[in-house]
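First up is the structure itself, then whatever we jot down about it.
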Amino acid sequence: MAKSYKNGGIEVITGPMFAGKTEELLRRVRRLQFAKKNIVVFKPALDDRYALNEVVSHDKSRTKSVNIVSPSEIFTHIDEHTDVVAIDEIQFLTEDVLEVVEFMVNHGILVIVSGLDTDFRGEPFTFMPKLLAKAENVLKLSAVCVKCGAPATKTQRIVDGKPAKYHDPIVLIGASESYEARCRSCHKVYYKPKLKLELPW
Ligand code: TTP
Ligand code: MG
């Protein structure tokens, strides 16, 4: 029998790379496991940085996960006993995942996801703004700027030792060899502004 929708909800853990999003997702999963909740963890098959069939954080904590290519595959891995679905790096799935998430929530499943809010340019990451708007609970984590030590809310992509260009492809799987956490003022992207804005003083 379908559970009450009152059990469900969307929790989003977001922020730049190196902020500890995966660690926070795994922390929430572990505390629900102690409470004997039935949990299934998913991640997009795209990110093969650490391990297949496991979500692994920078601090090397890990949990078993199911790799999926398409969001609807989630339904072949959950059943009427599933209380919680967790998805790491949700930004790499297709936008259909929004419908899948809402369907699960409306059937009483708690959905906890982590994902980048912005891409390397500082632009919203595809459908993430919609997910953030629909969520019951959002935690925006920051990292530490590698340049100045301020709280970092952005991810810098470095290509051949230089900041990436605005029109470079959005997806480039990687870690510290290609990316750095940066604050707003240290974050750089080669970009030609459309508007010629000038301060009036
Ligand atoms: P994350 O899990 O966000 O990075 P992380 O593990 O460093 O962060 P956290 O500790 O908070 O979990 O994974 C980001 C992935 O996205 C990584 O493979 C690089 C990729 N990526 C892109 O493809 N395009 C981009 O614009 C950015 C910023 C990252
Ligand atoms: Mg991560």
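The values are calculated or read from the model by the stated rules, or taken from the named source; none is laboratory data. Predicted model, so just to flag it, every value in this text is computed and none were measured. Ideal geometry is used to build each Cβ from the backbone, glycine not excepted, and the neighbour counts take in all protein chains shown. Ligands, DNA and RNA are stripped out before the accessible areas are found, and what is left, the full protein with its side chains, is counted by its heavy atoms. Shrake-Rupley method; radii C 1.70, N 1.55, O 1.52, S 1.80 Å.
In the set (1) in a strand (DSSP E or B); (2) under 17 Å from Y179 (Cβ atoms), F18 fails one condition alone, (1).
Taken over the stretch 65-88, the criterion of being in a loop (DSSP other than H, G, I, E, B), among the β-branched types (V, I, T) and open to solvent by less than 70 Å² (accessible area, probe 1.4 Å) is satisfied by I78, T82.
Within the stretch 147-171, how many residues are in contact (Cβ under 8 Å) with a residue 40 or more places away in the chain and out of contact with any helix residue (DSSP H, G or I) (no Cβ under 9 Å at 6 or more places or on another chain)? Quick ask: steps written out before the conclusion?
Kept after step one, since they are in contact (Cβ under 8 Å) with a residue 40 or more places away in the chain, are these residues of the stretch 147-171: 152-155, 164, 166, 168, 170-171.
This time we only want the ones that are out of contact with any helix residue (DSSP H, G or I) (no Cβ under 9 Å at 6 or more places or on another chain), so: 152-155, 164, 166, 168, 170.
Counting residues in the stretch 147-171 that are in contact (Cβ under 8 Å) with a residue 40 or more places away in the chain and out of contact with any helix residue (DSSP H, G or I) (no Cβ under 9 Å at 6 or more places or on another chain) gives 8.
One residue is enough: does the stretch 102-111 have a residue meeting the conditions over 20 Å from N38 (Cα atoms), without any contact (Cβ under 8 Å) to a residue 60 or more places away in the chain and surrounded by fewer than 17 Cβ atoms within 10 Å (Cβ to Cβ)? Among the residues of the stretch 102-111, not one is over 20 Å from N38 (Cα atoms), without any contact (Cβ under 8 Å) to a residue 60 or more places away in the chain and surrounded by fewer than 17 Cβ atoms within 10 Å (Cβ to Cβ), which makes the answer no. Across the stretch 89-125, the number of residues qualifying as assigned to a loop (DSSP other than H, G, I, E, B), under 13 Å from the mean Cα position of the chain (by Cα) and closer than 20 Å to S178 by Cα comes to 4. Looking across the stretch 51-64, the residues that are open to solvent by less than 80 Å² (accessible area, probe 1.4 Å) and among the polar types (S, T, N, Q) come down to S57, S61, T63.
Right, I170: modelled with pLDDT of 95 or more and not in a loop (DSSP other than H, G, I, E, B) or not? Here the answer is no, as I170 does not meet what is asked.
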